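Novice: Handing you this structure, nothing more for now.
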C-alpha cells in the first residue's frame, strides 16, 4: 500500500495523459509555493553541510518542536495548502493540494493555467508534495472540506492492504509504535493513528517525555507540568539536545518529518528521541535515500 | 376581541378612502412576529411603509447570507430588536483553500455594533467567518443574555476563546463548534464552566482534537439536565462515553468519541444497556475508528434514528448492512465510500424513508484505489428510496444512463451534487460527455434548487440547465463547458439563480458580462481559473456600481488575467478591510 516515490516522480515532469483528454492549463506553470520549498531545501542543505541540526533548523522561525519545514503561521509545513490560504489554523495537512501539472483543454482553448504546483526536480523528497496519488493533483479538488480531508488523511480507513503496520495491535484500530528516548529509563508507546500530523505528535511526545527532560536539566523532583511550561521544554529542545527519528520498514533510521504524514505512519516501525550528538550522519543517509527514490 | 373589532370598524370607516392598512401597529406587529421565514419577512416588508415598519420592529432574527452585502450599522438601524443573528462570510470555495488567507469576513466590527445596539443579543451563528479569541472574549462579556453560539467552518480562534465563553456566559444553552480551523491548545476550556452552570442544552466539540478534561465534562453533563445534543471528540473513549450516557439518557443527538477502545465483555454489555436507555435518540454521529465488533452495541438505540452520520467511520459493506437493518426510520445517512456499492444496496433495502444520502470518499486523492462507490450503488439506492431528494455523491465513474435511471426513480431531487472525482471524465461506458446525465436531472427534477456538476461536460449541459432548471438557486461548476455560451445559457435562464460558483472553465469576459443585469438579483458569483481578464472585471465594476467586484491575484500570473473573481451585490459599498491580495474594482 505504500506508494513508492518512483511512481510519483516519474509523473513529476508530466501531465498524465489519461483517458480524459480534456485538460486545462499550461504545463510548466510555476507555483508560488516554490519559495516555500526553497526554504525547505535550504534547511536541508544546511543539514547536509554538517551543521548540527536541532529541530529549530527544521522550521523557519522555530519556536516549536515541529518537524521539517514550514510556512510558519501555524500551517503544517510541507503540506500547506497551495494558496497559503490556510484557513485551518494549525492542522491543515493537505499534501493533496500539491499538483504535478494539470489538465489541458482539448480544443486548444487554453484558459488560465490551472492552479497546481508544478514539481520540477526538487532536491529532497522531503518537500512532501508528492502526495500518495500518482496522478496530477489539483488544488481544492475534489471539493472536500479541509477538516474532513485532514481527519481522513491522518486516519486512513483500512481496507484490505493493512498488513504493513508492523506494530499494529488491533489490526485496523490503531497503530502503536514504541518510543524510546536516550537516557530515559523506560519506553513508551504511542498510537500514531490518533494524531492529525507531525505537530500533534510532537506535542504529545513533548508532554510524554517532559518529565525526563526536566530531570536532565537538573530540576530535581520537579516533574509537575505546572512548573515546566511548554516554552521551557521547547527551549531545551531548541538547544538542539534531541532529534526525533524513526525506524522505517527497511530498518533504516530516518529523521522524522521529511515525508507526508500518511506515508510516515505507514512505514514507521518505532520512534527514537535521539541525542543530536548521535544524529549527525543521519541526514545524509536520509537525503541519499530520497535521492535514490526521486 | 369585541372592542377591537369595533375599533377596527371605526377606523376602517374613517380611512375608507385612504386604502391603507388600518390595523393598529401593535396588532400588525404581533401578527408579523409569528412569521419566521426571513424570505416571507422580506416580502412582507415590501407591501407598504406601514408593513415595512411593523416588520422591522417585530423581527428578532436576522439572516445575512453575505456579511459584506450590508454593514452592521445599516442592519442595526433597520432592525432595532434583534436577538439572534446568522452571518455567513467567505465564499464557499474557501472550504477548499481557494480563498487567500486573511481574506476578511472578520466578525469583530459586527460585534462592536451589536454590543451597542443589541445588548440583549442571545444567539450568534457564524459560517465561514474569521473570529479571534479577543472577539470571543468580547462577545462573552458584552452580552449578558447570551445563549447560543454556533461556529461552522470558521477560523482564527483557539480553545482560549472557548474558555472565555465558558467562563462568562452564564446563560449559555448552546455551544456548537463544527469543522473549524481552530487552534486546539488543549481541553482545559471545558473546566471553565462554573460549578453553578446548568443551562447547557447543546454541546458540540467534535471538531477538537486534544484531550478534554473528562472529569469536568462528566460533571458538566451530570448537572445539565436539559442537555439534548452532545457531540464528543475523538479523545473520548468508549468507556467514558458509557459513563456520560448514564447521566444523560435523555440525549436526542449523540456524537460518540472514538469507538474502538478494547472492552471487556462486561464493559461492552454496560455500554449496550446504557445505549438502549437512550430512547430519545434521533441523531447519531462520531463513531470515529468504529470497529465492527462494537457496532451491535448501538442497535438498541437505533430504532428511532432519523439521522446517522457515519462519515468518520470507515465501515465495510457488511457492517453497514447489519447496522442499517436496525434503522428503519432513517431519513438522512452520511457514509464513507468504504461501504462500496454493496453497502449502498443495503441502504436501498433497509431505508425506504431515506431522504438524504451523502457518500464521502475515504481516499479522495488516491487514484490507485479501486474501491469506493460507482454508479451501481447510486442506482441501487434510488430503487429502494423513492423519497430521496438530497444527494452528495463522490465517485470515480458514472454513466449517463445510470443518472437517467436515478432521477426517474427519484424525481423529487432538490439538491443534486454529483462529484466524479477525476476532472473532465466522460461516461465510462460510452465515452461520451455527461451532458445527458445532467440534462435528465434538470428536465425531470423540477424542484431542483441546488446542482453541482462534474465529469466531461460541453456547453450542452448548460443549455439544459438554463432551459429547464427553473427553480435552481445554487450552481457549482468545475472543469466543464466549452465556450462562453455555456455560462451565458445559465445566466440567461435560471430565473431564481442566487449563487454561481465556477472554477477552471473556459468562460471569459463575454460570459461574465452577459450577466450584468442578473448579478444584482443574485447573492454572489465566483469565477476562478477561467478566462476572465482584469479589463472585463473593470468593465463590470464600472457598469454596475452596486456590485462589489473583487479580484484575487496570484503571484506570478499575468497582469491582465483575473485569476479569481468574486462579485456580489452590496448596499454597503466596497469593503475597506480587504487584504492586499484582494483588489476591489
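Novice: Report yes if residue B:70 is at pLDDT 95 or above and either touching a helix residue (DSSP H, G or I) at 6+ places or on another chain (Cβ under 6 Å) or closer than 30 Å to residue B:197 by Cα (or both), otherwise no. Steps first, answer last, please.
Specialist: Numbers: at pLDDT 95 or above: yes; either touching a helix residue (DSSP H, G or I) at 6+ places or on another chain (Cβ under 6 Å) or closer than 30 Å to residue B:197 by Cα (or both): no.
Criteria not met by residue B:70.
Novice: Where residues in the range B:297-319 are under 27 Å from the mean Cα position of the chain (by Cα) and within 13 Å of another protein chain (Cβ to nearest Cβ), which of them is farthest from residue B:346 (Cα to Cα)?
Specialist: B:312
Novice: I need the full set of residues from the range B:205-219 which are farther than 19 Å from residue A:195 by Cα and within 13 Å of chain A (Cβ to nearest Cβ), in order please.
Specialist: None; the set is empty.
Novice: Would you mind listing the strands (runs of 3 or more DSSP E) fully within the range A:154-267 where at least 3 residues are modelled with pLDDT of 80 or more and closer than 27 Å to residue B:184 by Cβ? Show your work before the answer.
Specialist: On the way: elements: A:176-181, A:188-191, A:242-247, A:253-255.
Counting at least 3 such residues, we get A:176-181, A:188-191, A:242-247.
Novice: Inside the range B:27-41, can you point out the residues that are part of a helix (DSSP H, G or I) and under 18 Å from residue B:120 (Cβ atoms)? Before you say what the answer is, go through the steps one by one.
Specialist: First, pick out the residues of the range B:27-41 that are part of a helix (DSSP H, G or I): B:27-32, B:38-41.
Once the filter is applied, which keeps residues that are part of a helix (DSSP H, G or I) and under 18 Å from residue B:120 (Cβ atoms), the range B:27-41 yields only B:29.
Novice: Of all residues in the range B:480-495 being buried (at least 24 other Cβ atoms within 10 Å of the Cβ) and part of a loop (DSSP other than H, G, I, E, B), which is farthest from the other protein chains (Cβ to nearest Cβ)?
Specialist: If we take residues in the range B:480-495 being buried (at least 24 other Cβ atoms within 10 Å of the Cβ) and part of a loop (DSSP other than H, G, I, E, B), then B:494 is farthest from the other protein chains (Cβ to nearest Cβ).
Novice: Scanning the range B:326-354 for residues that are surrounded by fewer than 21 Cβ atoms within 10 Å (Cβ to Cβ) and in contact with a strand residue (DSSP E or B) (Cβ under 9 Å, 6 or more places away or on another chain), which turns out farthest from residue B:285 (Cα to Cα)?
Specialist: B:331
Novice: Answer with yes or no whether residue B:286 is touching a strand residue (DSSP E or B) at 6+ places or on another chain (Cβ under 8 Å), at pLDDT below 95 and surrounded by 22 or more Cβ atoms within 10 Å (Cβ to Cβ). Walk me through it before giving the result.
Specialist: Details: touching a strand residue (DSSP E or B) at 6+ places or on another chain (Cβ under 8 Å): yes; at pLDDT below 95: yes; surrounded by 22 or more Cβ atoms within 10 Å (Cβ to Cβ): yes.
Considered against the rule, which asks whether it is touching a strand residue (DSSP E or B) at 6+ places or on another chain (Cβ under 8 Å), at pLDDT below 95 and surrounded by 22 or more Cβ atoms within 10 Å (Cβ to Cβ), residue B:286 comes out as yes.
Novice: For the range B:42-96, name all the residues that are assigned to a loop (DSSP other than H, G, I, E, B) and within 14 Å of chain A (Cβ to nearest Cβ). Walk me through how you get there before you give the answer.
Specialist: Residues of the range B:42-96 that are assigned to a loop (DSSP other than H, G, I, E, B), as a first pass: B:46-48, B:59-60, B:65-71, B:79-83, B:89-91.
Of everything in the range B:42-96, those that are assigned to a loop (DSSP other than H, G, I, E, B) and within 14 Å of chain A (Cβ to nearest Cβ) turn out to be B:89, B:90, B:91.
Novice: Right, something else. Would you confirm whether any residue within the range B:504-517 is closer than 23 Å to residue A:138 by Cα and within 24 Å of the chain's Cα centre (by Cα)? So that I can check it myself, show each step before the final result.
Specialist: Step one: filter the range B:504-517 for residues closer than 23 Å to residue A:138 by Cα, giving B:504-508.
When the remaining residues are screened for being within 24 Å of the chain's Cα centre (by Cα), the result is B:504.
For the range B:504-517, residues closer than 23 Å to residue A:138 by Cα and within 24 Å of the chain's Cα centre (by Cα): present.
Novice: Starting from residues that are closer than 22 Å to residue B:391 by Cβ, more than 14 Å from every other protein chain (Cβ to nearest Cβ) and assigned to a helix (DSSP H, G or I), keep the ones in the range B:448-465 and report whichever is farthest from the chain's Cα centre (by Cα).
Specialist: It comes out as B:464.
Novice: Looking only at residues in the range B:58-69 that are crowded, with 17+ Cβ neighbours inside 10 Å and under 16 Å from residue B:30 (Cβ atoms), which one is nearest to the chain's Cα centre (by Cα)?
Specialist: My answer is B:59.
Residues checked against (1) over 28 Å from the mean Cα position of the chain (by Cα); (2) without any contact (Cβ under 8 Å) to a residue 60 or more places away in the chain; (3) surrounded by 22 or more Cβ atoms within 10 Å (Cβ to Cβ):
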| site | (1), (2), (3) |
| --- | --- |
| B:195 | yes, yes, no |
| B:200 | no, yes, yes |
| B:208 | no, yes, yes |
| B:262 | yes, yes, no |
| B:272 | yes, yes, no |
| B:280 | no, yes, no |
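Novice: To continue, here is another question. Determine, yes or no, whether residue B:267 is over 24 Å from residue B:207 (Cα atoms), modelled with pLDDT under 90 and touching a helix residue (DSSP H, G or I) at 6+ places or on another chain (Cβ under 9 Å).
Specialist: It is true that residue B:267 is over 24 Å from residue B:207 (Cα atoms), modelled with pLDDT under 90 and touching a helix residue (DSSP H, G or I) at 6+ places or on another chain (Cβ under 9 Å).
Novice: More than 17 Å from residue B:486 (Cα to Cα), away from chain A (no Cβ under 14 Å) and assigned to a loop (DSSP other than H, G, I, E, B): is that true of residue B:430 in this structure?
Specialist: Values: more than 17 Å from residue B:486 (Cα to Cα): yes; away from chain A (no Cβ under 14 Å): no; assigned to a loop (DSSP other than H, G, I, E, B): yes.
Against the criterion (more than 17 Å from residue B:486 (Cα to Cα), away from chain A (no Cβ under 14 Å) and assigned to a loop (DSSP other than H, G, I, E, B)), residue B:430 does not qualify.
Novice: Can you give me the number of residues within the range B:496-514 that are within 14 Å of chain A (Cβ to nearest Cβ) and assigned to a helix (DSSP H, G or I)?
Specialist: Here is the first cut: in the range B:496-514, the ones within 14 Å of chain A (Cβ to nearest Cβ) are B:501-512.
Still in the running and assigned to a helix (DSSP H, G or I): B:509-512.
Here the count works out to 4.
Residue by residue, here is whether (1) crowded, with 20+ Cβ neighbours inside 10 Å; (2) more than 14 Å from every other protein chain (Cβ to nearest Cβ); (3) outside any strand (DSSP E or B) holds:
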residue: B:103; (1), (2), (3): yes, no, yes
residue: B:151; (1), (2), (3): yes, no, no
residue: B:156; (1), (2), (3): yes, no, no
residue: B:176; (1), (2), (3): no, yes, no
residue: B:190; (1), (2), (3): yes, yes, yes
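The values are calculated or read from the model by the stated rules, or taken from the named source; none is laboratory data. Quick caveat, the model's predicted, so the values are computed rather than measured. Heads up, the Cβs are rebuilt from the backbone with ideal geometry, glycines too, and the neighbour counts pull from every protein chain shown.
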